[in-house]
Amino acid sequence: MSTEAPETPPAREDARRGTLTSSRGRLADPIFKWVVTACGALVLVILALMVLRTVSEAWPVFVKEGFFGFLVGDTWDAGGSRDEITGTYGAWPFIYGTLVTAVIALAIALPLAIMVAVYLTHMAPRRLAKPLSYTVELLAAVPSVIFGLWGLHWFLPNVLRPFFEFLEATLGWFFLFEGPVRGVGYLPAGIVLAIMILPIMTAIIREVVAVQPLEQQMAAYALGSTRWEVVSKVVLPSSFSGIVAATMLGLGRALGETIAVLMLIGGSQSWGASLFGTGSSMASHIAATFGEASPEGRTGLMAIGVALFLVTMIVNILARVIVWRLGQHTGDAAV
Amino acid sequence: MSTTTTTPPTPSAPSGHTPLSVRSRGAGTRRIKDRVSTVVLTAAMVIAMIPLVLIIFEVTRRGIGVVDLDFITQREPPPRREGGGYVAGFVGTLYIMALAVLMSIPFGIATAVYIVEYGPNRLTAVIRFFTDVMTGIPSIFVGLFVYGLLVVGWGGLGFGTFVGAVAIAVMMLPIVTRSAEEMLRLVPQEIRNASYGLGARKWQTIVHTVLPAAGPGLATGSMLAVARGIGETAPLMLTAFGSGLIVTAFQGSAQGAVPLQLYRGASQPFEAGIDRAWGAALCLFALVLLFTVVARWIGSRGASRTS
């Protein structure tokens with residue numbers, strides 16, 4: 001994309017006659033370049049500031065608890081002090097809640113996303129493929145607070161709760177499905193998260209599946225393969241890294257999602273093995289307690305934020321590196 | 001296919017090849033597997049569509065009775081009383097979004113111009129990569145960052161409209177940049193060369209030729225970013241903080257927003273407040289859909305014109 005031509009005008013010697021002589025004109029180009037360069041560098045400045053500010057803000061908590069002590073401690077008892085750290089800060093219940101809801105979401109969304117992507121690229125009637133993928137991507141446009149409202153006041157009482165009671169009655173002996181069913185909890189939060197991360201995962205897998213070389217598929221058909229054999233033995237194996245990338249991007253979204261999880265997870269500070277139990281994720285705990293927190297408590301929340309940021313950054317960078325190596329452009333729904 | 005093909009009991013021709021008329025073992029299972037997979041994948045597609053349909057249906061059903069003129073012109077009463085509306089939230093959202101648009105869209109487009117027109121080099125590669133990464137930063141963390149930077153930290157500005165807008169702008173910036181970048185790449189090189197050929201400088205070419213040519217695409221990306229920013233809740237909880245009153249202050253007193261008010265209404269136990277939350281959800285959803293659909297429409301029109 002280099003457009004070098006005008007920067008080295010061939011007619012340097014008769015420049016004094018042309019427009020290039022005016023000092024305003026001569027300065028305008030470098031100035032413009034510096035302005036847009038500065039705007040571009042702003043992204044890096046913002047990211048650097050993010051890391052600096054939040055880490056320095058959260059530092060006292062990490063100093064007191066130790067980084068790993070902070071991650072594995074399971075008591076969160078924010079002190080009310082103004083300028084020192086008096087409480088106990090262990091983020092494990094929230095880390096557990098984050099992991100459990102994200103795993104539930106991925107377990108549901110990943111198979112569904114693969115199936116939808118394959119359907120859209122290989123099975124949908126040509127005329128329907130575009131409107132259908134558009135509809136799935138529209139789901140990404142729904143604000144997360146609406147997912148929360150819908151999940152809490154319609155989906156949970158009308159669909160999930162009866163389903164949970166059935167699960168509890170039949171599989172209640174299994175530790176994951178131990179009662180009591182309270183309604184809100186890890187499982188409903190995870191299920192709604194699955195709906196929320198479905199569009200981005202579908203969009204990426206669909207693009208990866210769509211660019212698999214046609215020759216190989218044609219060759220497989222020529223050998224007498226059925227459509228399912230072509231998909232399962234030719235297309236999906238070679239799309240593997242794209243599917244991994246989509247999974248990680250979905251995971252990144254699921255880890256950081258706040259409002260919908262906050263409304264559905266129950267907001268307790270405990271943790272337990274049962275998926276029907278209530279808890280908090282890291283993001284939901286920050287949002288739930290921030291308003292009433294003391295200055296010291298906010299420092300503790302900042303520390304949770306830093307831990308969350310670290311995890312999502314690692315996941316996202318890995319995902320982006322994979323996507324970049326594939327040379328894929330992610331669609332609008334993916335941003 | 002035909003059922004008669006399986007009847008001849010000759011397993012192989014003298015040459016050792018199996019004639020095509022003999023069905024190989026497992027052909028039936030393979031066909032059944034193929035059929036089953038088609039049914040399962042179609043079912044998955046249907047399942048993936050259901051949530052959106054349900055959400056649209058339910059938000060419309062519960063919200064349509066609530067939204068009226070009062071809803072957008074009156075303040076919200078205490079949650080257990082009926083009537084009233086979200087005017088504080090609407091004013092706040094409008095105010096915050098206007099500021100966020102002013103901050104994020106110029107910077108986002110300028111970044112894209114740098115990446116496309118002055119790249120590729122090492123800095124543009126780094127910027128592109130981190131713009132991509134930035135789209136995955138949790139929204140609550142952006143709120144914490146702006147809180148730490150501007151509300152209590154170096155800025156010490158307190159809660160308010162401006163800091164809320166900064167948080168939303170940080171959320172929108174990577175979306176604007178990435179879409180603008182793709183749109184600028186679509187501008188044909190010939191147009192640039194024609195401009196240079198007429199003696200225009202590089203900045204003149206960019207400002208007068210490249211940006212107008214990419215105009216519809218830039219509008220699409222910006223509108224998608226607005227659609228995303230308008231529904232953001234988590235960053236605002238930590239920066240604008242929320243208010244039930246109409247706030248006109250630029251900075252210094254807590255500002256309301258529709259998503260914040262919606263969240264508060266939905267998470268208390270009173271029916272009247274929850275009803276209003278559904279109304280707000282309908283308004284918010286309609287706005288987001290409007291922006292998304294119009295953006296796509298402009299985008300597709302622009303694309304068909306240039307191709």
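The values are calculated or read from the model by the stated rules, or taken from the named source; none is laboratory data. What you see is a predicted model; the values in this text were computed from it and never measured. Using ideal geometry, Cβ is built from the backbone for each residue, glycine included, and neighbour counts are taken over all protein chains shown.
Remarks
- A single member of B:40, B:66 is farther than 18 Å from residue A:229 by Cα and of a type in the set (Val, Ile, Thr), and it is B:66.
- Odd one out for residue A:142, checked against (1) at the interface with chain B (Cβ under 9 Å from one of its Cβ atoms); (2) at pLDDT below 90; (3) more than 21 Å from residue A:243 (Cα to Cα): (2)
- Filtered residue count, segment A:219-248, keeping only those that are among the β-branched types (Val, Ile, Thr) and assigned to a loop (DSSP other than H, G, I, E, B): 1
- Screening B:297, B:278 for residues that are exposed (fewer than 14 other Cβ atoms within 10 Å of the Cβ) and among the aromatic types (Phe, Trp, Tyr) leaves exactly one candidate, B:297.
- In segment A:255-268, residue nearest to residue A:301 (Cα to Cα) [restricted to those that are more than 20 Å from the chain's Cα centre (by Cα) and within 14 Å of chain B (Cβ to nearest Cβ)]: A:267
- Hits in segment B:133-150 - residues which are closer than 19 Å to residue B:93 by Cα and either within 7 Å of another protein chain (Cβ to nearest Cβ) or surrounded by fewer than 24 Cβ atoms within 10 Å (Cβ to Cβ) (or both): B:139, B:140
Residue by residue, here is whether (1) surrounded by 21 or more Cβ atoms within 10 Å (Cβ to Cβ); (2) within 9 Å of chain B (Cβ to nearest Cβ); (3) touching a residue at least 24 places away in the same chain (Cβ under 8 Å) holds:
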| residue | (1), (2), (3) |
| --- | --- |
| A:91 | yes, no, yes |
| A:97 | yes, no, yes |
| A:100 | yes, no, yes |
| A:103 | no, no, yes |
| A:110 | no, no, yes |
| A:115 | yes, yes, no |
| A:122 | no, yes, yes |
| A:128 | no, no, no |
| A:132 | no, yes, no |
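- For segment B:135-190, a tally of residues being of a type in the set (A, V, I, L, M, F, W, C) and farther than 19 Å from residue B:239 by Cα returns 7.
- Looking across segment B:197-217 at every residue that is among the β-branched types (Val, Ile, Thr) and in contact (Cβ under 8 Å) with a residue 40 or more places away in the chain, the one that is nearest to residue B:180 (Cα to Cα) is identified as B:210.
- Annotation: of all residues in segment A:288-300 being out of contact with any Asp or Glu (no Cβ under 8 Å at 6 or more places or on another chain) and over 18 Å from residue A:271 (Cα atoms), the one that is surrounded by the most Cβ atoms within 10 Å (Cβ to Cβ) is A:300.
- Meets criteria (under 20 Å from residue B:290 (Cα atoms) and either surrounded by fewer than 24 Cβ atoms within 10 Å (Cβ to Cβ) or touching a helix residue (DSSP H, G or I) at 6+ places or on another chain (Cβ under 7 Å) (or both)) for residue B:174: no
- Among the residues making up segment B:239-278, those that are part of a helix (DSSP H, G or I) and over 18 Å from residue A:258 (Cβ atoms) are B:271, B:272, B:273, B:274, B:275, B:276, B:278.
- Failed condition for residue A:101, given (1) assigned to a helix (DSSP H, G or I); (2) hydroxyl-bearing (Ser, Thr, Tyr); (3) at pLDDT below 85: (3)
- Cross-chain or 6+ apart pairs with Cβ under 8 Å, segment A:153-173 first and over 26 Å from residue B:268 (Cβ atoms), then in a helix (DSSP H, G or I) and among the aromatic types (Phe, Trp, Tyr): A:167/A:177; A:168/A:177; A:171/A:177
- Of the criteria (1) part of a helix (DSSP H, G or I); (2) closer than 22 Å to residue A:103 by Cβ, which one residue A:149 fails: (2)
- Residue B:232, sole failed condition from (1) in a helix (DSSP H, G or I); (2) more than 30 Å from residue A:26 (Cβ to Cβ); (3) within 11 Å of another protein chain (Cβ to nearest Cβ); (4) not hydrophobic (A, V, I, L, M, F, W, C): (1)
- Only listed residue being basic (Lys, Arg), surrounded by 18 or more Cβ atoms within 10 Å (Cβ to Cβ) and more than 28 Å from residue A:248 (Cα to Cα), chosen from B:128, B:192: B:192
- Selection of segment B:184-203 for residues being at the interface with chain A (Cβ under 8 Å from one of its Cβ atoms) and more than 19 Å from residue B:217 (Cβ to Cβ) yields B:193, B:196, B:199, B:200, B:201, B:202, B:203.
- Residue B:16 being part of a helix (DSSP H, G or I) and more than 30 Å from residue B:230 (Cα to Cα): no
- Checked against (1) surrounded by 14 or more Cβ atoms within 10 Å (Cβ to Cβ); (2) among the small types (Gly, Ala, Ser); (3) in a loop (DSSP other than H, G, I, E, B), residue A:80 meets all criteria but (1).
- Residue check, residue A:271 within 10 Å of another protein chain (Cβ to nearest Cβ) and at pLDDT below 90: no
- Hits in segment A:285-317 - residues which are closer than 18 Å to residue A:50 by Cα, more than 18 Å from the chain's Cα centre (by Cα) and hydroxyl-bearing (Ser, Thr, Tyr): A:299
- Residue check for residue A:176: more than 9 Å from chain B (Cβ to nearest Cβ), assigned to a helix (DSSP H, G or I) and without any contact (Cβ under 8 Å) to a residue 60 or more places away in the chain: no
- Here B:80, B:61 are screened, and the one residue that is exposed (fewer than 13 other Cβ atoms within 10 Å of the Cβ), away from chain A (no Cβ under 14 Å), farther than 25 Å from residue A:233 by Cα and not aromatic (Phe, Trp, Tyr) is B:80.
- Test: residue A:68 is under 30 Å from residue A:272 (Cα atoms), part of a helix (DSSP H, G or I) and not aliphatic (A, V, I, L, M): yes
- Members of segment B:64-107 that are in contact (Cβ under 8 Å) with a residue 60 or more places away in the chain, out of contact with any Leu (no Cβ under 9 Å at 6 or more places or on another chain), over 13 Å from residue B:280 (Cβ atoms) and β-branched (Val, Ile, Thr): B:91, B:101
- Residue count for segment A:198-222, restricted to those that are more than 22 Å from residue B:45 (Cβ to Cβ), within 13 Å of chain B (Cβ to nearest Cβ) and at pLDDT below 90: 0
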